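Chemist: I'd like to ask you about the structure that follows.
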Amino acid sequence: MASPKQVSEHEAHGEVERVLYEMRQTLRVTGLDVTVRTWASFERFLVGMWEAMGPNTETRAFESAADEVRAQAVEAAERLGRLGAWDAVVLGESQRYHVRGALELYHYLNPKMLVFTSAVKLALQDEPVGALQPLGSAERIERGAPSRMMAMEWVEERPDDARLRVLFKDIQETVGPPSLPGEFRGLALWPEYLEATWERLKPRMRTEEWARECDALLETSRRLARRLPYEVALSKERLEVLREDAELIQRVTVQSEWRLPVLVLGMATLVGDVGDLERRLPFPAEARLVPDFVVGEELR
């Protein structure tokens, strides 16, 4: 069965464009990962999924859940030891600034996407996700990407550079489907750094210790997803009502959730390798100061 195509924010139209914009604002990032871009190829599912998940993602509870996953990944990376890639390449001051920004972006985004994807996956398996409390009753955080967050930039998935094509193929085969993760395409803007990173990261990803840490991250993510403040109204039956390819959507979602702990731990490892980046709370969120009655109206 072929993998679905990805829909970028630049290619999106209509309801897909609206949902992708709202997701980027609510998740507080400058771009969206390949999981979302793959879901976007199923328009009716994307809209229904966002209606079910959106209220949770702008709460302090969701932000704190991602923070907990990130902190656990940082502790795991510290136990595994420094990678040594940061000191192994020669980068100019401007290059180092931009690499650091890319690392911070994905170190912030990936834990959010893990909790988000766990919630969607559990709901599509007809497991209860979230609490039955009134919309607007949970604390919300400010929307929009922080001003100092780096723009999300990628190289083409099939670049002209033969060296990158070989590297991308190896990364894809190692981390698994559904498609090449965006952080590696982003880091490919600095090929020497990506090569040094992957040369050291790949062997570590194949160890039993790495697998145990990823299993623990997945367990934490599912536990936190089940405790989100609002019920997530998704199910197998809902997919059938939406007349989407339920089997393909579930397969992509399961694949994405399975490999996201690998990406979360990988990015925590790279951030720790730099040494002086904020590891646990790279972009702290401010409370959204909106009256309760306004919150209730907005979430209807």
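The values are calculated or read from the model by the stated rules, or taken from the named source; none is laboratory data. Just so it is clear, the structure is predicted and the values come from calculations on it, not from any experiment. Ideal geometry is used to build each Cβ from the backbone, glycine not excepted, and the neighbour counts take in all protein chains shown. Just the protein is used for accessible areas: all its heavy atoms, side chains included, with ligands, DNA and RNA removed. Shrake-Rupley method; radii C 1.70, N 1.55, O 1.52, S 1.80 Å.
Chemist: When ligands, DNA and RNA are left out and all protein chains stay put, how many square angstrom of accessible area per residue does the chain have with a 1.4 Å probe?
Modeler: 45 Å²
Chemist: Tell me, in nm to one decimal, what length is gained between Glu237 and Leu289 on full extension, where the rule is 0.36 nm per residue of separation less the Cα-Cα distance?
Modeler: In short, 15.0 nm is gained.
Chemist: Oh, and also: Under 8 Å for C-alpha pairs, at least 6 residues apart: give me the relative contact order for the stretch 64-205, rounded to a whole percent.
Modeler: So the answer I get is 34 percent.
Chemist: Round to a whole number: what % of the accessible area of the chain belongs to carbon and sulfur, probe 1.4 Å?
Modeler: C and S atoms contribute 49 percent here.
Chemist: What's log10 of I(q)/I(0) for the chain at q = 0.14, 0.16 Å⁻¹, Debye sum over Cα points only, no solvent?
Modeler: -1.06, -1.39
Chemist: For Glu11, what accessible surface area do you get with a 1.4 Å probe? Give it in Å², rounded to 10.
Modeler: About 110 Å², rounded to the nearest 10.
Chemist: What is the extension gain from Glu209 to Ala151, computed as 0.36 nm multiplied by their sequence separation minus the C-alpha to C-alpha distance, in nm to one decimal?
Modeler: Once the chain is fully extended between Glu209 and Ala151, it gains 17.5 nm.
Chemist: Still on this structure, I have one more. Which sequence of His10, His107, His98 reflects their accessible areas, 1.4 Å probe, from the largest down?
Modeler: Final ranking, largest accessible area leading: His10, His98, His107.
Chemist: With each pseudo-label sitting 7 Å past Cα toward Cβ, what's the Leu189-Ser137 distance in nm, one decimal?
Modeler: In this crude label model, Leu189 to Ser137 measures out at 4.4 nm.
Chemist: Would you work out which of Val252, Ala119, Thr197 lies farthest towards the positive end of the dipole of the chain? Charges go on Cβ: Lys and Arg +1, Asp and Glu -1.
Modeler: Thr197
Chemist: Taking just the C-alpha trace of the stretch 174-300, give me its Rg and Dmax in Å.
Modeler: 19.0, 54
Chemist: Nearest 10 degrees, 0 to 90: what angle lies between the long axis of helix 43-57 and the longest principal axis of the chain (Cα atoms)?
Modeler: Roughly 90 degrees between the two axes.
Chemist: Measure nothing fancy, just the Cα-based angle from helix 191-205's long axis to the longest principal axis of the chain, in degrees from 0 to 90, nearest 10.
Modeler: Between the helix axis and the principal axis of the chain, the angle is about 70 degrees.
Chemist: Over the stretch 1-134, what is the relative contact order in percent, taking alpha-carbon pairs closer than 8 angstrom and at least six residues apart?
Modeler: Relative contact order for the stretch 1-134 comes out at 25 percent.
Chemist: Run through all the Cα pairs of the stretch 51-138 and give the fraction in each 10 Å bin from 0, expressed as whole percent.
Modeler: That works out to 13, 34, 28, 16, 8, 1, in percent per bin.
Chemist: Using only Cα positions of the stretch 4-48, each an equal point scatterer, no hydration layer, compute I(q)/I(0) via Debye at q = 0.17, 0.23 Å⁻¹ and quote the log10 values to two decimals.
Modeler: -0.37, -0.70
Chemist: Starting from 0.36 nm per residue, how many nanometres of slack lie between Glu199 and Glu278 once their C-alpha separation is accounted for?
Modeler: Result for the pair: 26.0 nm of gain on full extension.
Chemist: Relative contact order for the chain: what is it in percent, counting Cα pairs under 8 Å that are at least 6 residues apart? Before the final figure, lay out each step's value.
Modeler: Details: 404 pairs, mean separation 101.9, N = 300.
Rounded, it is 34 percent for the chain.
Chemist: Could you tell me how many degrees, from 0 to 90 and to the nearest 10, lie between the Cα long axis of helix 60-80 and the main elongation axis, the longest principal axis, of the Cα atoms of the chain?
Modeler: On a 0 to 90 degree scale, this one is about 20.
Chemist: Could you pull the accessible area for Asp245 with a 1.4 Å probe, rounded to 10 Å²?
Modeler: Taking all protein chains as shown, Asp245 has close to 70 Å².
Chemist: Would you mind computing, in nm to one decimal, how far apart the modelled labels at Asp170 and Glu93 are, each placed 7 Å from Cα along Cα→Cβ?
Modeler: According to this spin-label approximation, the distance is 3.3 nm.
Chemist: Using protein chains only and a probe of 1.4 angstrom, how many square angstrom of Thr30 are accessible, to the nearest 10?
Modeler: 40 Å²
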